[in-house]
Amino acid sequence: MTTSTLSQLASGARGTILKIEATNDMHDRLAALGFRTGASVGVLYSALMGDPRTYIVCGSQVSLRKSEADLILVNH
């Protein structure tokens with residue numbers, strides 16, 4: 001398995017969240033959206049210019065900016 005940031009996953013790829021490297025406020029926001037350690041996450045699609053991207057996590061579709069996805073480390 002390879003470790004990278006969520007923003008580096010290719011469209012259609014899936015991974016498992018290892019760690020969220022964010023401030024407390026951002027960490028809480030991402031956790032409320034379902035981005036938690038151990039959760040499975042997949043890349044659904046990207047906007048025309050590649051930012052934001054839409055992910056599927058905990059059965060929900062969530063769009064994040066690249067700067068937010070860069071805070072999430074995943075195994076894939």
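Nearest 5 percent is fine: what portion of the DSSP beta bridges confined to the chain is antiparallel? Could the numbers behind the result be given before it?
Details: 20 of 20 bridges.
Looking only at bridges with both residues in the chain, the antiparallel portion is about 100 percent.
Would you tally the net charge around Met26, using a Cβ to Cβ cut-off of less than 12 Å, leaving Met26 out, and scoring K and R as +1, D and E as -1?
-3
Leu64: net charge of surrounding residues, Cβ under 13 Å, Lys/Arg +1, Asp/Glu -1, itself excluded?
Charge balance in the 13 Å sphere: +1.
Before rounding to the nearest 500, sum -39500 (n - 2.57) across all DSSP H runs of length at least 4 in the chain and divide by the residue total; then give [θ] at 222 nm in deg cm²/dmol.
The helix contribution divided over the chain gives -4000 deg cm²/dmol.
Where a number appears in this text, it was derived from the coordinates with a stated rule and is not lab data. Since we're looking at a predicted model, the values are computed, not measured. Methodologically, a virtual Cβ is constructed for each residue, glycine included, from the backbone with ideal geometry; neighbour enumeration extends over all protein chains shown.
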